[in-house]
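The values are calculated or read from the model by the stated rules, or taken from the named source; none is laboratory data. Everything numeric here is computed off the predicted structure, so don't read it as measured data. Please note: Cβ atoms are built from the backbone with ideal geometry, for glycine as well, and neighbour counts cover all protein chains shown. What goes into the accessible areas is simple: the full protein's heavy atoms, side chains included, and nothing from ligands, DNA or RNA. Shrake-Rupley method; radii C 1.70, N 1.55, O 1.52, S 1.80 Å.
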Amino acid sequence: MPRKLLIRATVLAVAALGATYSIAQDNTFKIGLILPMTGQQASTGRQIEAAAKLYMAQNGDTVAGKKIQLIVKDDTSVPDVTKRLAQELVVNDKVNVLAGFGITPSALATAPIATQSKTPEVVMAAATSSITQASPYIVRTSFTLPQAAVSMADWAPKNGIKTVVTLVSDYGPGLDAEKYFKERFLFNGGQVPETLRVPLRGPDFAPFLQKVRDLKPDALFVFVPSGAGAAVMKQFLERGMDKAGIKLIGTGDVTDDDQLNDMGDGALGVVTSHHYSADHPSPLNTKFVDAFTKANKGLRPNFMAVGGYDGMRVIYEALRATKGQGGGDALLGAMKGQIFESPRGPIFIDAQTRDIVQNIYLRKVERKNGQLYNVEFAVIKDVKDPGKTK
Ligand code: PHB
């Protein structure tokens with residue numbers, strides 16, 4: 001080949017390569033999934049990552065002509081790390097959506113980045129009511145503590161529970177659980193002689209439980225984040241609280257499906273209020289639990305998994321609705337108002353609040369086919385976050 005032609009051919013080839021490269025770039029839709037994969041909240045990360053991958057395996061990784069790329073980052077549930085990772089994902093990786101957020105401080109630390117970069121932040125785990133108010137770009141697919149706590153405060157006094165001591169982790173969701181449980185329970189004629197708060201990191205429940213034993217209420221209402229429930233249950237039983245006539249009640253975080261089966265018969269009869277049980281009797285949930293369990297060596301999905309699974313659905317459908325062409329604002333617009341059936345039951349992303357509206361179930365721990373489950377026995381339909389009406 002004459003030299004001139006060769007150079008021309010090379011230039012063309014490089015240009016063509018460049019073009020394919022830039023098309024490949026444009027054709028990628030990136031989701032930055034920030035989760036606690038190690039540390040105290042690691043089970044949340046494991047559950048949500050598994051659920052997101054299951055959603056992709058079931059629904060394909062191409063939507064509206066875009067190839068979905070999931071970038072998973074471990075924030076070890078340290079909010080400063082979450083913030084740094086979110087910044088890097090937006091600036092360097094140019095992600096289209098930020099998602100995940102195992103604990104409230106991580107979701108809040110990312111809010112300013114979502115706002116400044118106009119990147120939707122899909123909160124799949126964290127559950128303090130105020131989170132959605134921290135940025136207009138936040139959409140939530142998990143739940144709020146007031147949703148669950150108020151439902152329990154309505155159920156308990158109708159079921160012989162007149163005095164309750166509360167025990168919560170001392171940060172956002174715990175303070176929400178305490179406040180909304182107590183206010184509604186007092187309104188319903190109950191009494192709350194004491195409210196106790198334990199540190200989020202490495203809590204020692206023993207001295208608090210001793211105090212509860214001395215106070216001898218009808219029930220102890222507990223909120224601890226997913227992953228910490230088994231420790232509470234163990235110490236509650238070891239101290240013979242149940243034998244002393246004190247019932248354990250709480251939001252469903254304490255009888256988390258990730259840990260419940262290992263809690264033993266002592267957990268039988270514990271009543272909690274929550275938005276998801278692996279035992280939820282619907283064909284869609286049966287399919288979800290089977291597929292999740294198969295794909296993850298027998299791991300049972302918990303409420304974190306369902307938040308991740310539905311969060312992926314919200315992202316996929318927003319991308320589809322905007323035909324793969326929209327930026328952050330268009331995507332956000334297409335996330336608002338989505339309504340669909342989740343493995344937990346019907347859900348709705350309220351366009352005004354960007355928060356989830358969903359059923360809350362009363363459940364009791366029972367043994368079924370040899371395994372412990374939260375068995376639903378009552379439902380409060382379409383619960384909006386009570387924290388938003390104040
Ligand atoms: C939270 O930090 O918002 C959080 C974490 C775990 C839960 C609930 C709420 O189970």
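Numbers for the structure displayed
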{"item": "Flag if ASP176 is under 25 Å from ASP253 (Cα atoms), within 16 Å of the ligand (Cβ to nearest atom) and touching a helix residue (DSSP H, G or I) at 6+ places or on another chain (Cβ under 6 Å)", "result": "yes"}
{"item": "Residues located in region 25-42, provided they are away from the ligand (no atom under 15 Å from the Cβ) and surrounded by 24 or more Cβ atoms within 10 Å (Cβ to Cβ)", "result": "ILE31, GLY32, LEU33"}
{"item": "Residue match in region 136-145 (condition: farther than 27 Å from LEU186 by Cα, open to solvent by 10 Å² or more (accessible area, probe 1.4 Å), away from the ligand (no atom under 11 Å from the Cβ) and without any contact (Cβ under 8 Å) to a residue 12 or more places away in the chain)", "result": "no"}
{"item": "Hits in region 217-239 (condition: under 16 Å from the mean Cα position of the chain (by Cα) and either outside any helix (DSSP H, G or I) or away from the ligand (no atom under 16 Å from the Cβ) (or both))", "result": "PHE223, VAL224, PRO225, SER226, GLY227, ALA228"}
{"item": "Residue among VAL91, VAL81 that is open to solvent by 10 Å² or more (accessible area, probe 1.4 Å), in contact with an Asp or Glu (Cβ under 7 Å, 6 or more places away or on another chain), closer than 24 Å to LYS118 by Cα and without any contact (Cβ under 8 Å) to a residue 60 or more places away in the chain", "result": "VAL81"}
{"item": "Every residue from region 319-329 that is over 15 Å from VAL95 (Cα atoms) and of a type in the set (A, V, I, L, M, F, W, C)", "result": "ALA321"}
{"item": "Flag for ARG197 being in a strand (DSSP E or B), within 16 Å of the ligand (Cβ to nearest atom) and either of a type in the set (D, E, K, R) or touching a Lys or Arg at 6+ places or on another chain (Cβ under 8 Å) (or both)", "result": "yes"}
{"item": "Which numbered condition ALA177 misses (of (1) more than 29 Å from GLY337 (Cβ to Cβ); (2) crowded, with 21+ Cβ neighbours inside 10 Å)", "result": "(1)"}
{"item": "Enumeration of residues in region 90-109 that are among the small types (Gly, Ala, Ser), at negative phi and more than 9 Å from the ligand (Cβ to nearest atom)", "result": "ALA99, ALA109"}
{"item": "Residues within region 264-290 that are surrounded by fewer than 21 Cβ atoms within 10 Å (Cβ to Cβ) and in contact with a helix residue (DSSP H, G or I) (Cβ under 6 Å, 6 or more places away or on another chain), tallied", "result": "1"}
{"item": "Filter result (part of a strand (DSSP E or B) and among the basic types (Lys, Arg)) within region 367-388", "result": "ARG367, LYS368, LYS381"}
{"item": "Strands (runs of 3 or more DSSP E) contained entirely in region 269-366, each with at least 2 residues that are under 19 Å from PRO146 (Cα atoms)", "result": "271-274, 345-349"}
{"item": "Which numbered condition ASP170 misses (of (1) without any contact (Cβ under 8 Å) to a residue 40 or more places away in the chain; (2) within 16 Å of the ligand (Cβ to nearest atom); (3) within 28 Å of SER342 (Cα to Cα); (4) not β-branched (Val, Ile, Thr))", "result": "(3)"}
{"item": "Per-region count, region 316-353, residues modelled with pLDDT under 95, touching a helix residue (DSSP H, G or I) at 6+ places or on another chain (Cβ under 9 Å) and open to solvent by 40 Å² or more (accessible area, probe 1.4 Å)", "result": "0"}
{"item": "Count of region 212-243 residues which are open to solvent by 20 Å² or more (accessible area, probe 1.4 Å), over 16 Å from VAL365 (Cα atoms) and touching a helix residue (DSSP H, G or I) at 6+ places or on another chain (Cβ under 6 Å)", "result": "3"}
{"item": "Number of positions in region 179-197 that are basic (Lys, Arg) and touching a helix residue (DSSP H, G or I) at 6+ places or on another chain (Cβ under 6 Å)", "result": "1"}
{"item": "Leading residue by the ranking (nearest to the ligand (Cβ to nearest atom)) among those in region 286-317 that are touching a strand residue (DSSP E or B) at 6+ places or on another chain (Cβ under 9 Å) and over 10 Å from ALA51 (Cα atoms)", "result": "PHE303"}
{"item": "Check on LEU70, part of a helix (DSSP H, G or I) and away from the ligand (no atom under 16 Å from the Cβ)", "result": "no"}
{"item": "Matching option when the condition is over 17 Å from GLY311 (Cα atoms) and either within 15 Å of the ligand (Cβ to nearest atom) or at pLDDT below 95 (or both), among THR76, THR132", "result": "THR76"}
{"item": "Subset tally (residues that are part of a loop (DSSP other than H, G, I, E, B) and either of a type in the set (D, E, K, R) or over 19 Å from GLY252 (Cα atoms) (or both)) for region 204-216", "result": "2"}
